[in-house]
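The structure under discussion appears below in the form of structure tokens.
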Amino acid sequence: MTPPSASPTTQPSAEAAGKPPEDRHHRNRRRLLTLIVIVLLVGIPAGYLAIAAEQSRNSGRKSEREALATGLQPIRPPWFKRRIYDVPIPAGATHVRYYETNNWKNSRLYAQFDVTSGRLDTFLQNMGTNRSELEPGAVTISKRDQSIAKWNFSVPGHHWAGLTYNQKDPRPSVNIVVDLSDPAKTRVYAVSTATP
């Protein structure tokens, strides 16, 4: 007697399992939802990476421009640089310009800005000094630093006053010259030198 041949196991039909067969509308909707989920899972991170890369590239370009700059640039120094160099430029200052140099011996921040008389007092107080420390006629910024920043303090008709604010290491020393020719608008020139 020959053994009965093994019959393949048959899957129960969708109707036998109690589920109606998937119609075309339902299948298309399921595929669309799957596509949307895939796009969201791939597209959002890819978009985020593209935006982050562009921001990083722009930041690098800005840093490169600042590094290549020679002389004062018409921008406000970043907060952390103002803090490192102890040059607390007041919020209401106008015509702000700065330049930074670095070498193995020291780093310097050159800053120039215009302030009202009251804001000059605020600036000096925030540094730790006051207006009475300004010596009339004194130009405390060296000729070398004047040349780098392209400042000229020998122009006649200006009322210069200056001070040198020395601090204990590692705090920077700051040389300040103020043009008091116009009482309503004082121009401040500062060179802060930090030694590593």
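Structure notes:
- Elements of type strands (runs of 3 or more DSSP E) in the stretch 127-196, at least 1 residues being of a type in the set (Gly, Ala, Ser) and under 29 Å from the mean Cα position of the chain (by Cα): 173-179, 186-194
- Among the residues of the stretch 129-146, those identified as surrounded by 13 or more Cβ atoms within 10 Å (Cβ to Cβ) and out of contact with any Leu (no Cβ under 9 Å at 6 or more places or on another chain) are VAL139, ILE141, ASP145, GLN146.
- Scanning the stretch 108-128 for residues that are open to solvent by 20 Å² or more (accessible area, probe 1.4 Å) and more than 26 Å from PRO156 (Cβ to Cβ) yields ARG108, GLY118, ARG119, ASP121, THR122, GLN125, ASN126, GLY128.
- Residue list for the stretch 73-86, restricted to those being open to solvent by less than 20 Å² (accessible area, probe 1.4 Å) and farther than 21 Å from ASP169 by Cβ: PRO77
- Search result, residues across the stretch 120-146 that are under 17 Å from PRO77 (Cβ atoms) and in contact (Cβ under 8 Å) with a residue 60 or more places away in the chain: PHE123
- Residue count for the stretch 87-107, restricted to those that are open to solvent by less than 30 Å² (accessible area, probe 1.4 Å) and in contact with a Leu (Cβ under 9 Å, 6 or more places away or on another chain): 3
- Only listed residue being of a type in the set (Gly, Ala, Ser), touching a residue at least 40 places away in the same chain (Cβ under 8 Å) and surrounded by fewer than 13 Cβ atoms within 10 Å (Cβ to Cβ), chosen from ALA149, ALA184, ALA190: ALA184
- Filter result (open to solvent by 50 Å² or more (accessible area, probe 1.4 Å), β-branched (Val, Ile, Thr) and within 27 Å of ALA91 (Cβ to Cβ)) within the stretch 152-176: THR164
- Being among the charged types (D, E, K, R), farther than 30 Å from THR195 by Cβ and modelled with pLDDT under 75 is a description that does not apply to ARG27.
The values are calculated or read from the model by the stated rules, or taken from the named source; none is laboratory data. Keep in mind that this is a model prediction, so the values were computed, not measured. Cβ sites come from the backbone with ideal geometry, for glycine too, and all protein chains shown count toward neighbours. In case anyone asks, the SASA skips ligands and DNA or RNA and just uses the protein heavy atoms, side chains included. Shrake-Rupley method; radii C 1.70, N 1.55, O 1.52, S 1.80 Å.
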